[in-house]
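Right, one structure below, let's go through it.
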Amino acid sequence: MLNRRQIIGGMAAAAAGTAFTWKQANRLMADEQKTDKRPLIISTWPFGKAGNEKALATMQNGGSTLDAVEQGIKVVEDSGNTSVGLSGRPNAAGYSQLDSCIMHGPDHQAGAVCAIEGIVHPISVARKVMEETPHVMLAGEGARWFALQHGIKSVDVQADQAKKSEFLAAKKLNSSSEAKPGSAENHDTITMLVLGPDGTISGGCSTSGLANKIPGRVGDSPIIGSGLYVDNEVGAAGATGVGENVMRYCATFLIVEFMRQGMDPTMACQKVIERIAGMDPRNKKDLAINFIALDKQGRFGAAGTDDFPHSVTYPGFSEVLTVKAT
Ligand code: SD4
């Protein structure tokens, strides 16, 4: 195999039209940087680690990258997390409306649900939307109806609403005393990206969204290109944080495009934060946005407007890593 110097020399020659093309040169660079960290799984926050480990085990037992994403995220949806699944903090009216999406690199497939109520595993519904309908996104009541038709575990919506009202009463909280929308205490999301041994990439996202949101509000998490984006030729990116500050910029689509242009995952995440901070009237710190990414070569990275802990897992390694604020 060529070494880096020979490849760069070749790229210069390509510029002069005398050697292999830029495309070939980029492919050689990518080959050189290939790692054996596969399957590779990266997810948001320390609570992603248990999900990553389930995802890895799923693949080691013969599951696909999609199975890994679904099984891994289900662990977090089941974990009593205060920002994912039905245990998530309620909206301003005291009940949960959940958002989720899934994406599979081969054939560029996607499925999503938003503002779904009383469903234990929104990620499984998103996968069913992707695999069993001609649509990409189902919302609200229709999404719940579809989930029930497909036998996805559910709870009684009235009971869930009553439980959440009790939760609010017990905490002596109401819609005005909850943390302000967008403050660090009232949000988090599981977003998970998986690179399989054969280079297949899948990703998923699940959240109860910002606490105290107006009923019907949908954030970035179920929106393809905002909360999650997968391009099987390049890589994948995922988001967590204040959705309004992600979805106005199609942030994960942009991260993947920056990786396509040659940036590594960390640099691409940082660059998007800089782009958003440069355009947005808010102070960078107040944006409260965080990103993870991996690329086809098995490199991974993250960036946030605050220090951002995220979980990385591959055979023989499973850790929470923290990047300093960008
Ligand atoms: C949302 N992005 O609904 C989600 C919430 C989140 O960290 O990720 N918080 O806006």
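Read-outs: derived from the displayed coordinates by stated rules, not from any lab. This structure is a prediction, so every number in the text was calculated from the model and none was measured. Quick reminder, even Gly has a Cβ in these numbers, built from the backbone with ideal geometry, and neighbours come from all protein chains shown.
General observations
- Relative contact order computed over region 187-267 (Cα-Cα under 8 Å; 6+ residues apart), in percent: 27 percent
- Computed Kirkwood radius, in angstrom, where 1/r is averaged over Cα pairs of region 198-326: 14.7 Å
- Per DSSP, loop trypsin sites (Lys or Arg not before Pro) in region 47-79 with at most 11 further Cβ within 10 Å: none
- Overall form of region 251-314: oblate. Here a/c, set by the Cα gyration tensor axes a ≥ b ≥ c, is 1.5 or more, and a/b is not larger than b/c.
- For region 19-323, Kirkwood radius (reciprocal of mean inverse C-alpha pair distance, Å): 19.0 Å
- Note on region 68-120: Cα Rg divided by 2.2 N^0.38 Å, N the number of residues, gives 1.26.
- Its Cα gyration tensor gives region 94-142 an equivalent ellipsoid, and the semi-axes of that ellipsoid, as √(5λ) in whole Å with the largest first, are 21, 10, 8.
- Inter-label distance for Leu148 and Asp286, nm, one decimal - labels placed 7 Å from Cα along Cα-to-Cβ: 4.3 nm
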